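Trainee: One structure coming up, written as structure tokens, with questions to follow.
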Amino acid sequence: MPDLLLELRSEEIPARMQRKAAGDLKKLVTDALVEAGLTYEGAREYWTPRRLTLDIRGLTARSADQREERKGPRTDAPEGAIAGFLRGAGLSSISEAQVVNDPKKGDFYVAVISRPGRPAEEIIAEVMPGIIRNFPWPKSMRWGAASMPKGARFAGIDGKGPESLRWVRPLQSIVCVFGPEHDETQVIPFEIDGLTASNITYGHRFHAPDAITVRRFDDYVTSLEKAKVMLDADRRKDVILHDARDLAFANGLELVEDEGLLEEVSGLVEWPHVLMGEFEQDYLEIPSEIIRLTIKTNQKCFVTRPQTGGEGLSNRFILISNIEAKDGGKEIMHGNGKVVRARLSDAKHFWTRDQGDMPDLDTLEESFKKFDLQKEKPLDQRMAKLDALNVTFHAKLGTQGERVARIRALAQELAKVTGAGPALVDRAAVLAKADLRTEAVGEFPELQGLMGRKYALLQGEDASVAAAIEDHWKPNGPSDRLPEDKVGLTVALADKLDTLVGFWAIDEKPTGSKDPYALRRAALGVVRILLERRVRLPLTQAFMWGYSPSIYGTAAKSVDEVADRAYSPDLLSFFHDRLKVYLRDQGARHDLIDAVLTPDSDDLLMVARRVEALTAFITSEDGKNLLAGTKRAVQLLAAEEKKGTVVADGVSEELLRLDAEKALWAAIVVASKEAAEAVAKEDFRSAMEALSKLRVPVDKFFEDVLVNDEDAAIRANRLALLKAIREATATVADFSKISG
């Protein structure tokens, strides 16, 4: 069976787009071929900075013949209906249709439509122009004559014709060859915007600019390799990584690995060469995070550190060149070194400036007083400036200064729950956003929090306050670490709850896959803190603490009105969804979570503990048997309630006739009391053990007792017994929601 090789060669494609674009090309082409009736054995995509390549193996040479029977109207149908049938079936005359008799409906027309198979070459030539023209690039461009004013972008003297091709970068050539593995292949010469597909490609821009004739994929790869192009991106990554490690090791250093940067640089070169640059030791006075980001962001280079370990960096960096230089890369290393030094000089300037006084302190007096800031401390000055500038947090949620004030007040309430020192919490909350006004964070926003910690330590803040400034963002995802101590934990909770309560108050909630303010991540962060740090926090109370009538609406007239506005069942349900995701990821069964979680459950730690206890209980022999008996009781009761059968308000001992029902009632009284006492002590395992004592009497009850007795009073009393079982077990879970 023949193979298809496709290459789209262009100017340099942005590295961040390459992997997805190659995957899109594979899907679009294979989907189109399959839809046209072809099949294939396998397909793999490849990419370099200048080309997207697709290798499809075992493609059928021709699509299969198709035969379709299309049912039409009755033979006595109106002429209009018959005419419509003929048009839809592609028939020129009704004589071309068959007449079929249906004993019930009479005679009707049937069109037999035969479609002969088509050569794969014809199908490929037909689908490819549309795929290329409509390729889903995040951003695309026109070039050359196509970039002229709109009226000149169309082919033909009359100005009419197809709109010019848009592509991520100027498209230079197309390779499209098709044929068996061992025989001669053929070019499928489709055309788009003046480019005609051929069997000609080109290698490395500088090392091998001559044309290469392509026959099939294997010699294509070999020819590109000789022309200094490494087609496989994962191989380029592997070469870069191992060569960088080896070069660092040979110089007594260790490579600081970065998967994101490795992916990016592998998309910048077709023939990677690893070199080592150097900068002055003096720049190592700058925090290593700034050095690393400066070199990574501006020069796409890796940093190194001494093999002795530690967080400090060395003054050597690893750069990846696309050129095999005749001088061994000396000029390349020199040029990169000059740029790195210039960037580090700027970074050092930022770092130094941030530790000095601001020039306009006299204009910040009001902000200093508002937040109890210390005028002589640089980070305090930045916080005062952030407030004084009225920097907007969100158009409907006020300024950053107003947000800090809300977080500060909320953190004080939360400190009573977490046990953190209120003075340290207050100081951390006030300074948490201050580094937004530092030059280092202005240059590298991803360092927010981390730079705040460094500046806080430099001005003598308590270590817990400094750590909380960095950690108030955390956890920033399911695998991110939690804040270090109670102070950081408290401020992190305040930050996330303020965000969630605020956006719920202005009705800016996540919808579908859209979550522009990362509210799901914030809620998951709260869930992780509460469960992993064992914090008991009633969320409805926290919502009220976080509600700010002056920002979220007209000032409330009373505490009760604030409570009404702040309480949001929808927001609580949002937390429940995040809790379910978290617990399922921890291995909890979804039905056990549903059995424990009620719409008003606002203590998430208690929910998790109940799920844990229920999981242990339900897998025991007593648990399995009690579940079976309880579900039988609850289902029978629910069926009778649905029918309107009378159920007594309570169990009457005088109406208990049989030993089994007397024993069950006695067991329910004891189990209910013991379970309730255990739940009050939050000892859910003991509550489960108390309920397990119902197993034997429940089984005996169903063996010996007919619930639907002929005597209405006895029947109502026995149904009340079943209701008592439901109420007893409901102290820990809704057993009816448990499967099995």
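Trainee: Around Phe190, what is the net charge, scoring Lys/Arg as +1 and Asp/Glu as -1 over all other residues with Cβ under 13 Å from its Cβ?
Mentor: Net charge around Phe190: -4.
Trainee: Report the net charge of residues surrounding Leu386, where surrounding means a beta-carbon distance below 12 angstrom and charges are Lys +1, Arg +1, Asp -1, Glu -1.
Mentor: The answer is +2.
Trainee: The range 624-740: D in µm²/s via Stokes-Einstein (Kirkwood Rh, Cα pairs, 37 °C, 0.692 mPa s)?
Mentor: For these conditions, the coefficient is 230 µm²/s.
Trainee: Counting only residues 5 or more places away or on other chains, whose amide H sits under 5 Å from the amide H of Glu270 once H atoms are built in the peptide plane?
Mentor: Hits under the 5 Å cutoff: none.
Trainee: Exceeding 18 Å between C-alpha atoms, which entries from my cross-link table qualify? They are Lys580/Lys723; Lys139/Lys237; Lys370/Lys433; Lys228/Lys326.
Mentor: Lys580/Lys723; Lys139/Lys237
Trainee: If you don't mind, another one. Once neighbouring chains are kept in place and the probe is 1.4 Å, which whole percent of the accessible area of the range 590-658 is contributed by carbon and sulfur?
Mentor: 50 percent
Trainee: Here's another thing I want to ask about it. Quote to one decimal, in nm, the extra length available between Arg584 and Glu126 on full extension: 0.36 nm per residue of separation minus the C-alpha distance between them.
Mentor: Gain in length upon complete extension: 160.1 nm.
Trainee: I'd like the distance separating the alpha-carbon centroids of the range 695-723 and the range 515-538, in whole Å.
Mentor: Distance between centres, Cα-based: 46 Å.
Trainee: Given charges of +1 on the Cβ of Lys and Arg and -1 on the Cβ of Asp and Glu, with all other atoms neutral, how large is the dipole of the range 223-268 about its Cα centre, in debye to the nearest 20?
Mentor: 340 debye
Trainee: Give the carbon-plus-sulfur fraction of the accessible surface of the range 370-476 in %, rounded to a whole number; probe 1.4 Å, heavy atoms of protein chains only.
Mentor: Within the range 370-476, the accessible surface is 51 percent carbon and sulfur.
Trainee: So what are the ³J(HN,Hα) numbers for the range 520-537, from phi and the Karplus equation (6.51, -1.76, 1.60; θ = phi - 60°), rounded to whole Hz, Gly and Pro as x?
Mentor: In residue order, the calculated couplings are 5, 5, 5, 5, 4, x, 4, 4, 4, 4, 4, 7, 7, 9, 6, 9, 8, 9 Hz.
Trainee: Still on this structure, please answer the following. Tell me, what is the FRET efficiency for Thr196 and Arg536 to the nearest 0.05, using R0 = 60 angstrom and their Cβ-Cβ distance as r?
Mentor: Once rounded, the FRET efficiency stands at 0.25.
Trainee: May I pose another question? For the range 332-388, what does the convex hull of the Cα positions come to per residue, in cubic angstrom?
Mentor: Residue-normalised Cα hull volume stands at 78 Å³.
Trainee: Now, a different point. How much solvent-accessible surface does Thr30 expose, in Å² to the nearest 10, with a 1.4 Å probe and all protein chains in place?
Mentor: 10 Å²
Trainee: With a Förster radius of 22 Å, plug the Cβ-Cβ distance of Val34 and Glu69 into 1/(1 + (r/R0)^6) and report the FRET value to the nearest 0.05.
Mentor: 0.40
Trainee: Related question: With a ≥ b ≥ c taken as the square roots of the eigenvalues of the C-alpha gyration tensor of the range 220-312, please select rounded if a/c is under 1.5 and otherwise prolate if a/b is larger than b/c or oblate if it is not?
Mentor: prolate
Trainee: Mind listing the phi-derived Karplus ³J(HN,Hα) values for the range 38-51, rounded to whole Hz, using 6.51, -1.76 and 1.60 with θ = phi - 60°, and x for any glycine or proline?
Mentor: Running phi through 6.51 cos²θ - 1.76 cosθ + 1.60 with θ = phi - 60° gives 9, 10, 8, 8, x, 8, 9, 9, 9, 7, 9, x, 10, 7 Hz.
Trainee: Put one equal scatterer on each alpha carbon of the range 427-520, apply the Debye formula with no solvent term, and list log10 I(q)/I(0) at q = 0.14, 0.15, 0.26 1/Å to two decimals.
Mentor: Calculated log10 I(q)/I(0) at the listed q: -0.55, -0.62, -1.27.
Trainee: Using a probe of 1.4 angstrom, how much of the accessible area of the range 506-550 is carbon and sulfur, in percent?
Mentor: 47 percent
Trainee: Follow-up. Each label point is 7 Å from the Cα along the Cα-to-Cβ direction; what then is the distance between the points at Ala680 and His334, in nm?
Mentor: 8.6 nm
Trainee: Counting other Cβ atoms within 10 Å, which GluC sites (Glu not before Pro) in the range 310-405 have at most 11 and lie in a DSSP loop?
Mentor: Taking the range 310-405 and a limit of 11 other Cβ atoms within 10 Å, the loop GluC sites (Glu not before Pro) found are Glu311, Glu376.
Trainee: Mind putting a number on the dipole of the range 198-333 about its Cα centre? Charges go on the C-beta only, +1 for Lys and Arg and -1 for Asp and Glu, and I need it in Debye to the nearest 20.
Mentor: 480 debye
Trainee: Further question on the same structure: What accessible area per residue comes out for the range 286-436, rounded to a whole number of Å², with a 1.4 Å probe?
Mentor: Per-residue accessible area for the range 286-436 comes out at 46 Å².
Trainee: If you don't mind, another one. In whole Å, how far is the Cα centre of the range 484-510 from that of the range 571-588?
Mentor: For the range 484-510 versus the range 571-588, the Cα centre distance is 17 Å.
Trainee: To continue, here is another question. Accessible area per residue of the range 64-130 at 1.4 Å probe, in Å²?
Mentor: Dividing the accessible area of the range 64-130 by its residue count gives 63 Å².
Trainee: Is the shape of the range 574-665 best called rounded, prolate or oblate, per the rule: a/c under 1.5 gives rounded, else a/b larger than b/c gives prolate, else oblate, with a ≥ b ≥ c the square roots of the Cα gyration tensor eigenvalues?
Mentor: Note, shape of the range 574-665 comes out prolate.
Trainee: Measure out, as a whole number of angstrom, how far apart the alpha-carbon centroids of the range 314-343 and the range 187-208 sit.
Mentor: Rounded to whole Å, the Cα centres lie 33 Å apart.
Trainee: In the range 661-732, which GluC sites (Glu not before Pro) fall in coil by DSSP and have 15 or fewer other Cβ atoms within 10 Å?
Mentor: Sites meeting the loop and neighbour criteria: Glu682, Glu710.
Trainee: Which of rounded, prolate, oblate describes the range 492-548, given a ≥ b ≥ c as roots of the alpha-carbon gyration tensor eigenvalues and a/c under 1.5 marking rounded, otherwise prolate only if a/b is larger than b/c?
Mentor: Taking the square roots of the gyration eigenvalues as a ≥ b ≥ c, the range 492-548 is oblate.
Trainee: Ok, one more. Evaluate the Debye formula for the chain with equal point scatterers sitting on the alpha carbons, no solvent, and hand back log10 of I(q)/I(0) at q = 0.09, 0.11, 0.12 Å⁻¹, in q order, two decimals.
Mentor: -1.09, -1.17, -1.23
Trainee: Sorted from largest down, what three extents in whole angstroms do the Cα atoms of the range 241-396 have along their principal axes?
Mentor: The principal-axis extents, from largest down, are 63, 36, 27 Å.
Trainee: Another question, if that's okay. With a point put 7 Å past each Cα toward its Cβ, work out how far Ala77 is from Arg726 in nm, to one decimal.
Mentor: According to this spin-label approximation, the distance is 5.6 nm.
Trainee: Place a +1 charge on the Cβ of each Lys and Arg in the chain and a -1 charge on the Cβ of each Asp and Glu, then give the dipole magnitude about the Cα centre in debye, rounded to the nearest 20.
Mentor: Using only the charged Cβ atoms, the result is roughly 840 debye.
Trainee: In straight Cα distance, which lysines are under 30 Å from Lys71, not counting same-chain residues fewer than 8 positions off?
Mentor: Qualifying lysines at Cα under 30 Å: Lys104, Lys105.
Trainee: Here's another thing I want to ask about it. Let me know the whole percent of all Cα-Cα pairs from the range 354-510 that are separated by more than 28 Å.
Mentor: Percentage above 28 Å: 14.
Trainee: Something else about it: Could you tally the net charge around Arg718, taking each other residue with its Cβ under 11 Å from the Cβ of Arg718, Lys/Arg +1 and Asp/Glu -1?
Mentor: -1
Trainee: Still on this structure: So what is the 222 nm mean residue ellipticity for the chain from helices alone, if each DSSP H run of at least 4 adds -39500 (n - 2.57) and you divide by all residues, rounding to the nearest 500 deg cm²/dmol?
Mentor: The per-residue figure over the chain is -15500 deg cm²/dmol.
Trainee: Mind listing the phi-derived Karplus ³J(HN,Hα) values for the range 265-278, rounded to whole Hz, using 6.51, -1.76 and 1.60 with θ = phi - 60°, and x for any glycine or proline?
Mentor: Couplings: 5, 5, x, 9, 10, 9, 9, x, 10, 9, 10, 10, x, 8 Hz.
The values are calculated or read from the model by the stated rules, or taken from the named source; none is laboratory data. In this text, all values refer to a predicted model and were calculated from it rather than measured experimentally. Note that we place each Cβ from the backbone using ideal geometry, even for glycine, and neighbour counts take in every protein chain shown. The protein model used for the area step is the full one, side chains on, heavy atoms only, and it has no ligands, DNA or RNA in it. Shrake-Rupley method; radii C 1.70, N 1.55, O 1.52, S 1.80 Å.
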